[in-house]
1. Being closer than 23 Å to Val68 by Cβ, among the charged types (D, E, K, R) and over 22 Å from the mean Cα position of the chain (by Cα) is the filter here; which residues of the range 93-126 pass it?
2. Under 6 Å between Cβ atoms, at least 6 apart or on separate chains: pull out the pairs that start in the range 397-411 with a residue that is without any contact (Cβ under 8 Å) to a residue 24 or more places away in the chain and end on any residue that is within 6 Å of ligand 1 (Cβ to nearest atom).
3. Regarding Val392, is this residue part of a helix (DSSP H, G or I), closer than 23 Å to Ala504 by Cα, within 15 Å of ligand 1 (Cβ to nearest atom) and in contact with a Gly (Cβ under 9 Å, 6 or more places away or on another chain)?
4. Filter the helices (runs of 4 or more DSSP H) completely within the range 1-106 down to those with at least 1 residues that are in contact with a helix residue (DSSP H, G or I) (Cβ under 7 Å, 6 or more places away or on another chain) and of a type in the set (Phe, Trp, Tyr).
5. For the range 433-513, which fully contained helices (runs of 4 or more DSSP H) count at least 1 residues that are outside the structural domain of Gln362 (by TED's automatic domain parsing)?
6. Across the range 395-421, what is the number of residues that are more than 8 Å from ligand 1 (Cβ to nearest atom) and aromatic (Phe, Trp, Tyr)?
7. Considering only the range 138-154, I want to know if a residue exists there that is among the aromatic types (Phe, Trp, Tyr) and over 30 Å from Gly398 (Cα atoms).
8. Give me a count of the residues in the range 367-409 that are farther than 24 Å from Leu266 by Cα and more than 16 Å from ligand 2 (Cβ to nearest atom).
Amino acid sequence: VHTLRLLLGDQLNAAHSWFRETDPGVLYVIAELPQEVDYVVHHVQKVCAFFAAMKSFADAIRKAGHEVLHLTLDDTQEFADLPTLLNHLCGRHQVRRFEYQRPDEYRLLQQMEQLKLGERIDIAQVDTEHFLLPFAEISDHFVRGEHLTMENFYRRMRKRFDILMQDGAPLGGKWNFDSENRNKIKAEQLAEIPDPLCFDNDVSVILERLRRYAVKTFGVAHERLLWPVTRRQALQLLQHFCERCLPQFGRFQDAMTDAVEAQWSLYHSRLSFALNTKMLYPMQVIRAALERYEQAEGDISLPQIEGFVRQILGWREYVRGVYWANMPEYMQSNALDAGRRLPHYFWDGDTHMRCVSKVVGQSLQYAYAHHIQRLMVTGNFCLLTGIDPDQVDQWYLGVYVDAIEWVEAPNTRGMSQFADGGLIATKPYVSGGAYIQRMSDYCKGCRYDVKARTGANACPFNSLYWRFIERHRELLQNNPRLAMIYRSWERFSQEQRREILAQAEDYLERIEAL
Ligand code: FAD
Ligand code: SF4
């Protein structure tokens with residue numbers, strides 16, 4: 001062996017140029033690492049999904065003729081961290097060269113760039129060949145500390161990759177059909193929601209290993225993991241999405257319901273894990289969806305496909321740009337000076353607020369919630385109550401199967417918590433109960449009254465919302481997008497305002513018991 005090549009758990013890209021040729025002198029190492037299971041407490045399904053996908057990837061490239069060393073926690077226990085392990089392996093195999101793909105997470109990039117293996121060994125970094133915007137071009141679009149509108153970035157990407165374009169103009173004459181993507185699911189539409197495609201991956205051996213090393217995790221453990229852990233399964237999920245979910249994707253993108261528990265992911269793709277581990281390539285996903293749209297000859301409307309393309313070509317690449325342009329300071333940002341502790345129900349779902357209980361419950365059950373559940377229920381609640389963004393980040397980074405810091409942090413700290421002071425969102429994503437009621441059926445059967453602002457059963461989101469508006473007046477009142485809100489607040493009588501604020505303070509004092 002002359003070269004050791006490292007593959008991290010989110011670098012499972014079989015189409016990478018590394019794998020074009022086999023060379024018995026190149027040894028690939030892919031390792032379950034103690035440092036990766038405990039930098040935050042993870043959902044048990046997240047750890048299982050990563051470990052199972054890593055194992056399948058190791059098997060697949062071995063089958064393709066490559067030399068592979070797959071190490072489990074059994075093999076890596078004695079090594080304090082990744083650099084120690086790599087030093088050991090380079091020594092043992094007497095390699096002259098070490099290569100790695102640039103990590104997508106700042107923490108790991110630092111670790112690799114500071115790696116020392118001795119003078120005899122050359123170290124080389126290569127690209128992951130995954131993202132659509134090359135890493136070197138991020139700084140052409142994103143400037144540290146400056147807001148770039150997602151919409152402008154998205155339009156550039158549409159033009160650059162010629163996606164949904166016609167003669168230089170957006171197909172259908174409009175770039176964005178977001179306003180048509182805000183439907184609630186009506187009772188008579190529930191029966192049409194497809195069953196999610198769940199896999200049946202045996203992870204009992206991984207669970208045993210986690211127990212053996214007392215790895216701290218949370219969430220519901222299933223011996224049969226439903227997440228895709230091979231490229232084949234990832235492609236099946238993509239196909240399932242294109243066939244069954246895409247036709248209604250945009251329309252019900254923001255909808256939430258718990259009326260059909262078996263169809264918990266609604267029309268969402270659940271492709272984020274397969275994408276973030278790089279089992280799928282973003283343009284491959286976009287092309288598959290476009291192909292389905294074209295074949296459907298009008299059966300799938302433009303807003304459905306545009307809504308989906310925007311998430312991957314737009315949002316996903318955009319948050320990565322914001323992350324790299326603003327790290328490492330981004331992880332210290334706390335523009336609203338929030339410092340409260342995350343209440344216990346984020347870990348057990350035990351709250352009278354039905355919306356929070358349902359979203360947390362689903363997250364614990366499947367390591368998944370869709371975007372609006374993350375943003376407008378749990379995220380909204382944390383923002384309104386002023387939870388410490390570090391704690392909010394750690395929760396989101398732990399709980400979701402797709403959570404990797406480059407995509408989790410801009411979404412959580414930025415879009416959802418406004419801790420970056422508006423680098424991503426032009427205004428904080430806050431709402432009272434009315435929004436949740438409009439987009440979901442959670443309020444039915446909730447112990448709280450979504451219409452009431454004050455009183456024993458008043459929906460906590462209502463008074464907390466107005467408290468937030470009042471509390472951050474200085475920062476927000478000149479924001480033109482919020483002018484109307486401040487006018488509405490001023491239309492309440494002084495007495496009403498006082499009561500609403502007192503109600504909010506009372507709820508905050510009893511936050512653990514809500
Ligand atoms: P779909 O609704 O089917 O969307 C298709 C794809 O578009 C997704 O798979 C994803 O790759 C991409 N996408 C959609 N929205 C975003 C977005 N805002 N940012 C980046 N990519 C997007 N996404 C993660 O991948 N990892 C995270 O850790 C993560 N944390 C989040 C935390 C908060 C507070 C919020 C509000 C959002 C977060 N998101 C995160 C974005 C988004 O919620 C998830 O990508 C999406 O819910 C994944 O489910 P899906 O695959 O069914 O997505
Ligand atoms: Fe959530 Fe309020 Fe609706 Fe209850 S009434 S589900 S707390 S929004």
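The values are calculated or read from the model by the stated rules, or taken from the named source; none is laboratory data. Remember, predicted model here, so these are calculated numbers, not experimental data. In this analysis, Cβ positions are derived from the backbone assuming ideal geometry, glycine residues included, and neighbour counts consider all displayed protein chains.
1. Hits for the range 93-126 are Arg96, Arg97, Glu99, Asp122.
2. Note: pairs meeting the criteria are Glu408/Tyr396.
3. Numbers: part of a helix (DSSP H, G or I): yes; closer than 23 Å to Ala504 by Cα: yes; within 15 Å of ligand 1 (Cβ to nearest atom): yes; in contact with a Gly (Cβ under 9 Å, 6 or more places away or on another chain): yes.
Considered against the rule, which asks whether it is part of a helix (DSSP H, G or I), closer than 23 Å to Ala504 by Cα, within 15 Å of ligand 1 (Cβ to nearest atom) and in contact with a Gly (Cβ under 9 Å, 6 or more places away or on another chain), Val392 comes out as yes.
4. On the way: elements: 34-37, 44-63, 73-76, 82-93.
Hits in the range 1-106: 44-63.
5. Details: elements: 433-439, 460-471, 473-476, 483-491, 494-509.
Qualifying helices (runs of 4 or more DSSP H): none found.
6. Residues meeting the conditions: 3.
7. Let us first name the residues in the range 138-154 that are among the aromatic types (Phe, Trp, Tyr), namely 142, 153-154.
Still in the running and over 30 Å from Gly398 (Cα atoms): none.
No, every residue in the range 138-154 fails to be among the aromatic types (Phe, Trp, Tyr) and over 30 Å from Gly398 (Cα atoms).
8. From the range 367-409, those farther than 24 Å from Leu266 by Cα are 382-394, 405-406, 409; that's our starting set.
Retained after the next criterion (residues that are more than 16 Å from ligand 2 (Cβ to nearest atom)): 386-394, 405-406, 409.
The qualifying residues number 12.
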